[in-house]
Amino acid sequence: MKTFKTIVYWSLIVIALIQFIPVDRTNKPVDQKVNFVAVFDTTPAVKNLLKNACYDCHSNETVYPDYAYVAPVSWSIKNHVSEGREHLNFSEWGNYNQDLKKSMLQNSVHSIKDYTMPSVGYIAQHPKANLTAAERNLLTNYFESILKSAKY
């Protein structure tokens, strides 16, 4: 029993101490001239879907939930956001070259149709991101229309 109490004691100390390890959760300013929804004058319906299901991980407009301030969860969330922004950052859309834009749109269509995006873990914490089949169709049709127009 003494060993168990010692383990619990030191575990609590470690958990308390790791709260002091900083995590940068600042968002870069968004230039509307390059922001995806502004570039395409996106309809309110599509814009709402993107904001609810995509923008937290794929833009510089991340809204961090309260639990994102508790280590080690904060580290995982920051890592997911950083990875999401590496693959596609809607806030930086206008800064990408044509080939990258085309690839990102194609990958987005594929990920939405295959139900790999938004991720299950994200949906569990953000019910608004749980897209219906109709919402998934709306987003994929929107991305496909941009692809067909070749004005990405």
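The values are calculated or read from the model by the stated rules, or taken from the named source; none is laboratory data. Predicted model, so just to flag it, every value in this text is computed and none were measured. FYI the Cβ positions are ideal-geometry reconstructions off the backbone, even for glycines, and counts take in every protein chain you see. The area values use the complete protein model at the heavy-atom level, side chains included, leaving out ligands, DNA and RNA. Shrake-Rupley method; radii C 1.70, N 1.55, O 1.52, S 1.80 Å.
Could you check, for segment 78-95, whether at least one of its residues is modelled with pLDDT of 95 or more and more than 16 Å from CYS54 (Cβ to Cβ)?
yes
When VAL63 is evaluated against the numbered criteria (1) surrounded by fewer than 16 Cβ atoms within 10 Å (Cβ to Cβ); (2) outside any helix (DSSP H, G or I); (3) under 15 Å from the mean Cα position of the chain (by Cα); (4) modelled with pLDDT of 95 or more, which criterion, by number, is the only one it fails?
Here VAL63 meets the rest and fails (4).
If you go through segment 131-152 one residue at a time, how many are in a loop (DSSP other than H, G, I, E, B) and either open to solvent by less than 50 Å² (accessible area, probe 1.4 Å) or modelled with pLDDT of 95 or more (or both)?
3
Got at least one residue in segment 39-48 being modelled with pLDDT under 95 and under 18 Å from the mean Cα position of the chain (by Cα)?
No: zero hits.
To keep it simple, each residue is scored yes or no on (1) more than 13 Å from the chain's Cα centre (by Cα); (2) open to solvent by 60 Å² or more (accessible area, probe 1.4 Å); (3) among the acidic types (Asp, Glu).
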residue: TYR67; (1), (2), (3): yes, yes, no
residue: TRP75; (1), (2), (3): yes, yes, no
residue: SER82; (1), (2), (3): no, no, no
residue: LEU88; (1), (2), (3): no, no, no
residue: ASN95; (1), (2), (3): yes, yes, no
residue: MET104; (1), (2), (3): yes, no, no
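Counting only residues that are in a helix (DSSP H, G or I), out of contact with any Phe, Trp or Tyr (no Cβ under 8 Å at 6 or more places or on another chain) and either open to solvent by 60 Å² or more (accessible area, probe 1.4 Å) or among the charged types (D, E, K, R) (or both), how many does segment 9-44 have?
Qualifying residue count for the region: 7.
Looking only at segment 119-130, filter to residues that are of a type outside the set (A, V, I, L, M) and assigned to a helix (DSSP H, G or I); which one of those is most open to solvent (accessible area, probe 1.4 Å)?
LYS128
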